[in-house]
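This report refers to the structure that appears directly beneath it.
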Amino acid sequence: MPKDLLYECFSGIAGDMHLGGMLDLGVPLEHLEVELAKLGLDDEYQIKVEQRKKNGIAGTHVSVNLENSSDAARGLTEIQNLIEKSGLLGDVKARAISMFELLAHAESEVHAIPVEKVHFHEVGAVDAIVDIVGAAICLEYISPSRVYCSNVELGSGMVKCAHGLMPVPAPATALLLEGCPTTRGHVDGEATTPTGATILAHAVDHWCDPKVFKASKTAYGVGTKDFKQPNVVRMSIGEVASELETEVNICIECNIDDMTPEAYEPLSERLFTLGAKDVYCTPIAMKKNRPGTKLSVLAAHSLKQEIIDCVLQNSTTIGVRAWSVEKSMLPRNFDTIVTSLGEVRVKVVTLPDGSRRWKAEHDDVSAIAEERNLSYLVARAEIDKAIDSHMDGTDGH
């Protein structure tokens, strides 16, 4: 059974609130402390955990108190080296480094400087390192199958940053949550911090409020602000019922009428290697009725600049268009079914009426046909027959 994680950030989210919510959700404090100690910074901070209430809502509050830390600004490379040299598990390292890279690229774009010249201030301090690496430890401990997040409250007013007073949200927060559903003005002050935004940008798969969510555990991470509404983030573990899933991506397009057709294949391969979710070409008629091609690329917002750079570098276009798109998808899962010809992966989707349809993975069918020296059509027919029988038996028909 899938284990889904739902964030409800109606009063925003910060690094300490996230840690509190994770501990309230069931991550053992001892596990968090033992893993954090592998960074070799445990003599520079102390974690304090206590139960608190905000506007009558009880939850867990975490504070990271600095003891012998110089609190100096650190660069991305320094933080990457700190994490890489630690004794943390590989998956935790990858999560933590990914989050710092997201934040570094956001700061780089905000200040128009190379990533290697970004020096974190608020987020380079020991307490923020603990927040982000702690988030990686907790997320890996829970290991959710899918992560959902409803609208994120950003707040209102001004916030004091290392670069002076700035309007809420802080520039990095705004960039990290670009294309994600957010609200503003429900609280007076900064509700979502750059650290909180970084954690969400890394962890969330589906930016939506599931219509049907069966929670098995609900928890609250308590913040330090005094808003008119509870300064807490709610996290729930459970299962999203079968319904359309949605996600917000960015669509990047351009019209091309002066590029040889053979050049589209290597361009598409490069885009898929970068992480594009879909790349396709559409024949169009351009000015003076010249035949042309519309190149469309669908990708996560975090890849926007890399995708644009790749298109400009590897095609003849001189400009691109970009906008956010919401994709609705049927719930799906993969199963492995044993047939008389061998094991085959099968994608199964659930329709809105609860019925299912399936499709065998083409690569598996093709590999079996080649291995057994069979026609692809013959192999496909035999495999489809076996899967039909299996699915009918599963449904009890």
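The values are calculated or read from the model by the stated rules, or taken from the named source; none is laboratory data. What you see is a predicted model; the values in this text were computed from it and never measured. Methodologically, a virtual Cβ is constructed for each residue, glycine included, from the backbone with ideal geometry; neighbour enumeration extends over all protein chains shown. Areas reflect the complete protein model, heavy atoms only, side chains present, ligands, DNA and RNA absent. Shrake-Rupley method; radii C 1.70, N 1.55, O 1.52, S 1.80 Å.
Run the dipole for the chain about the Cα centre, Lys and Arg Cβ at +1, Asp and Glu Cβ at -1, nothing else charged, and hand back the magnitude in debye, nearest 20.
With only Lys, Arg, Asp and Glu charged at Cβ, the dipole is about 1040 debye.
Ratio of Rg to Rh for segment 236-279, alpha carbon only, Kirkwood?
For segment 236-279, the value is 1.22.
So in segment 133-195, what percent of DSSP beta bridges are antiparallel if you round to the nearest 5?
If I count the DSSP bridges inside segment 133-195, around 75 percent turn out antiparallel.
List the extent of the Cα atoms of segment 149-284 along each of their three principal axes, largest first, rounded to whole Å.
Extents along the principal axes: 61, 44, 24 Å.
Considering the options 15, 279, 199, tell which one lies farthest towards the positive end of the dipole of the chain, charges being +1 on Lys and Arg and -1 on Asp and Glu at the Cβ, about the Cα centre.
The Cα lying farthest towards the positive end belongs to 279.
Evaluated at 4 °C with a viscosity of 1.567 mPa s, what Stokes-Einstein diffusion coefficient in µm²/s does the chain have when Rh comes from the Kirkwood expression over alpha-carbon pairs?
For these conditions, the coefficient is 55 µm²/s.
Mind checking the angle between helix 126-142 and the chain's longest principal axis? C-alpha axes, 0 to 90 degrees, to the nearest 10.
40
Given 20 °C and 1.002 mPa s, how large is the Stokes-Einstein diffusion coefficient of segment 242-397 in µm²/s, with Rh as the Kirkwood radius over Cα pairs?
Values: Rh = 18.6 Å.
In µm²/s, the coefficient rounds to 115.
Between residue 112 and residue 141, what FRET efficiency follows from the Cβ-Cβ distance if R0 is 25 Å, with the result rounded to 0.05?
So the FRET efficiency works out to roughly 0.10.
What part of the accessible area of segment 1-155, given as a whole %, is carbon or sulfur when the probe is 1.4 angstrom?
With neighbouring chains kept in place, the figure for segment 1-155 is 47 percent.
Between residue 355 and residue 29, 0.36 nm times their residue separation minus their Cα-Cα distance comes to what?
113.1 nm
Heavy atoms only, 1.4 Å probe, whole protein assembly: order 186, 31 by accessible area, highest first.
The ordering from most to least exposed comes out as 186, 31.
Taking H as built 1.01 Å from N, whose amide H comes closer than 5 Å to the amide H of residue 12, not counting residues under 5 places away?
It is 153, by chain and number.
With a ≥ b ≥ c the root eigenvalues of the C-alpha gyration tensor of segment 309-350, is it rounded (a/c under 1.5), prolate (a/b larger than b/c) or oblate?
oblate
At q = 0.14 Å⁻¹, what base-10 log of I(q)/I(0) does the Debye formula yield for segment 16-96 when every alpha carbon is treated as an equal point scatterer in vacuo?
Here log10 of I(q) over I(0) equals -0.57.
Only residues of segment 210-240 count here: report those whose backbone N is under 20 Å from the spot 7 Å along Cα→Cβ of residue 158, or say none.
Within reach of a label on residue 158, which here means backbone N under 20 Å from a point 7 Å along Cα→Cβ, segment 210-240 contributes 226.
Using a simple spin-label model with points 7 Å from Cα along the Cα→Cβ vector, what separation in nm is obtained for residue 347 and residue 269?
About 2.2 nm separates the two model spin labels.
Angle check, please: helix 264-274 long axis (alpha carbons) against the longest principal axis of the chain (alpha carbons), in degrees 0 to 90, nearest 10.
The angle comes out at about 30 degrees.
If one takes the longest principal axis of the Cα atoms in the chain, at what angle in degrees, from 0 to 90 and to the nearest 10, does the Cα axis of helix 90-111 lie?
80
Can you find, among 344, 375, 298, the residue sitting farthest towards the positive end of the charge dipole of segment 267-390, where Lys and Arg contribute +1 and Asp and Glu -1 at Cβ?
Among 344, 375, 298, the one farthest towards the positive end of the dipole of segment 267-390 is 298.
Using the heavy atoms of the protein chains and a 1.4 angstrom probe, tell me the accessible area per residue for the chain in square angstrom.
50
Could you work out the equivalent-ellipsoid semi-axes for segment 1-146, taking the square root of 5 times each eigenvalue of the Cα gyration tensor, largest first, in whole Å?
25, 18, 17
Using the Kirkwood formula on the Cα atoms of segment 73-230, what hydrodynamic radius do you get, in angstrom to one decimal?
Details: mean 1/r = 0.0599 Å⁻¹.
In segment 73-230 this quantity evaluates to 16.7 Å.
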